[in-house]
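The values are calculated or read from the model by the stated rules, or taken from the named source; none is laboratory data. These numbers were taken from a predicted model, which means no experiment stands behind them. Cβ atoms come from the backbone with ideal geometry, glycine included; neighbour counts cover every protein chain shown.
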Amino acid sequence: MTSSEHTGREAEIRARWNATTPGPWHVTVFDDVHAMNLVAVATVADTDASSEIIAATLVQAPRYVDVADGRWDENAEAIANAPSDIAYLLGQNALLEGQLAMAREIHKPETRYTPDDGETSYDTYADAAEISKITDIAPTQFEVCEHCGSIEMDAGATEYRDSLWPCDTARALGLGEGATGE
Ligand SMILES: [Zn+2]
């Protein structure tokens, strides 16, 4: 799933839930002579008003709603908690998306130009071309992780080895070969 498909799906989920009857929702059990054991989800706790019922998972008299596996209580519990559960997960998702975006912003590709097959490299093609006049090797380009590359060079490395793009972190973030960091 691409990130735009993911965003679209998330917007659909939000729209669907924003359109529902406002919560909180409660599991409610009717136990009178008319309903017998009726398990429902309602906008008011312990209600017996049909106008406050969102969904019923068991209607015994007459037997309209009665799933064969008998999980009326569990199903009602899941439905009643769905609005707050979904809201929680959307919140968590937004938090994680934010953290991933920050990591992607830090670990992004940077193009380097080399006039000697990678022994030295420069920020620009023009700088590498100057040296090419001496080495007689046409400048070529390669990509490194901007962040990991600066760590590697600060540690005293003279050429990029461990920080070639995609770095391990970029790979873990799903930014593979050929990715442009978008
Ligand atoms: Zn990196």
**Request:** Within segment 58-71, work out how many residues are surrounded by 15 or more Cβ atoms within 10 Å (Cβ to Cβ) and either within 32 Å of the chain's Cα centre (by Cα) or in a loop (DSSP other than H, G, I, E, B) (or both).
**Result:** 1
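Results for (1) of a type outside the set (Ser, Thr, Tyr); (2) in contact with a Gly (Cβ under 9 Å, 6 or more places away or on another chain); (3) more than 9 Å from the ligand (Cβ to nearest atom), shown as yes or no for each residue.
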{"residue": "Glu110", "(1), (2), (3)": "yes, yes, yes"}
{"residue": "Thr114", "(1), (2), (3)": "no, no, yes"}
{"residue": "Ala129", "(1), (2), (3)": "yes, no, yes"}
{"residue": "Pro139", "(1), (2), (3)": "yes, no, yes"}
{"residue": "Phe142", "(1), (2), (3)": "yes, yes, yes"}
{"residue": "His147", "(1), (2), (3)": "yes, no, no"}
{"residue": "Ile151", "(1), (2), (3)": "yes, no, no"}
**Message:** Against the definition (modelled with pLDDT of 90 or more, within 16 Å of the ligand (Cβ to nearest atom), farther than 23 Å from Ala101 by Cβ and not hydroxyl-bearing (Ser, Thr, Tyr)), how does Asp168 come out, yes or no?
**Reply:** no
**Message:** Can you report the number of residues in segment 115-138 which are among the small types (Gly, Ala, Ser) and within 42 Å of the chain's Cα centre (by Cα)?
**Reply:** 4
**Asked** Going by the structure shown, is Ile79 in the same structural domain as Ala19 (by TED's automatic domain parsing) and under 30 Å from the mean Cα position of the chain (by Cα)?
**Response** yes
**Message:** List the residue pairs whose Cβ atoms are under 8 Å apart, where the first residue sits in segment 4-31 and is over 25 Å from Trp72 (Cα atoms), the second is exposed (fewer than 10 other Cβ atoms within 10 Å of the Cβ), and the two are 6 or more positions apart or on different chains.
**Reply:** Arg9/Met1
**Request:** Sort out which residues of segment 41-57 are surrounded by 14 or more Cβ atoms within 10 Å (Cβ to Cβ), of a type in the set (A, V, I, L, M) and under 10 Å from Val27 (Cβ atoms), and write them in order of number.
**Result:** Val41, Ala42
**Item:** Members of segment 129-177 that are surrounded by fewer than 20 Cβ atoms within 10 Å (Cβ to Cβ) and of a type in the set (Ser, Thr, Tyr)
**Value:** Ser132, Thr135, Thr140, Ser150, Thr158, Thr169
